[in-house]
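Following: one structure in structure tokens, then a few remarks.
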Amino acid sequence: MARYLAQIVVLGAQVLGRAFALALRQEFAASRAMAEARGRGRPLSAAESRVAGISLQEAKQILNVSSLAPEEIQKNYEHLFKVNDKSLGGSFYVQSKVLRAKERLDEELWIQAQSQKEEEQKPET
């Protein structure tokens, strides 16, 4: 009986180890793809933006903004982050979603700035 129990524990540990290794490889691949996209300064595809963890539309909904106005984004972010502070009775989960939404919108603003720079640097023909 103990032998079977030991085999089950060992098998379970192997399965968990393989799953963890696979998840780690996927995360490394996703972060490498994001770094490459940032390095090229090109807009992210829909699949790549999902790699970032949150879509642009979802980020806008979380922060309750309709446009990519940096002042409005920052104002809403600060308010939502403060009211969801765990020490004040807020939700850590919601606070982390607010942070991820802000990061995603900041990424979009950065992409737009890079695109605008490239447009300005193109020679007129």
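The values are calculated or read from the model by the stated rules, or taken from the named source; none is laboratory data. In this text, all values refer to a predicted model and were calculated from it rather than measured experimentally. Glycine also receives a Cβ, built like all others from the backbone with ideal geometry; neighbour counts cover every protein chain displayed. Just the protein is used for accessible areas: all its heavy atoms, side chains included, with ligands, DNA and RNA removed. Shrake-Rupley method; radii C 1.70, N 1.55, O 1.52, S 1.80 Å.
If we only count helices (runs of 4 or more DSSP H) wholly inside region 52-125, which ones have 2 or more residues that are hydrophobic (A, V, I, L, M, F, W, C) and modelled with pLDDT under 90? Walk me through it before giving the result.
Working: elements: 56-63, 70-83, 92-121.
The qualifying helices (runs of 4 or more DSSP H) are 92-121.
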Original post:
What do you reckon, is GLU108 open to solvent by 60 Å² or more (accessible area, probe 1.4 Å), in contact (Cβ under 8 Å) with a residue 40 or more places away in the chain and of a type outside the set (S, T, N, Q)?
Top reply: no
Subject >> Single condition VAL98 does not satisfy, out of (1) over 22 Å from GLY53 (Cβ atoms); (2) surrounded by 13 or more Cβ atoms within 10 Å (Cβ to Cβ) >> reply: (1)
Subject >> All positions within region 1-29 that are aromatic (Phe, Trp, Tyr) and exposed (fewer than 10 other Cβ atoms within 10 Å of the Cβ) >> reply: TYR4
**OP:** List the number of the failed condition for GLU118; all other conditions in (1) open to solvent by 50 Å² or more (accessible area, probe 1.4 Å); (2) touching a residue at least 60 places away in the same chain (Cβ under 8 Å); (3) closer than 19 Å to MET34 by Cα hold.
**Re:** (3)
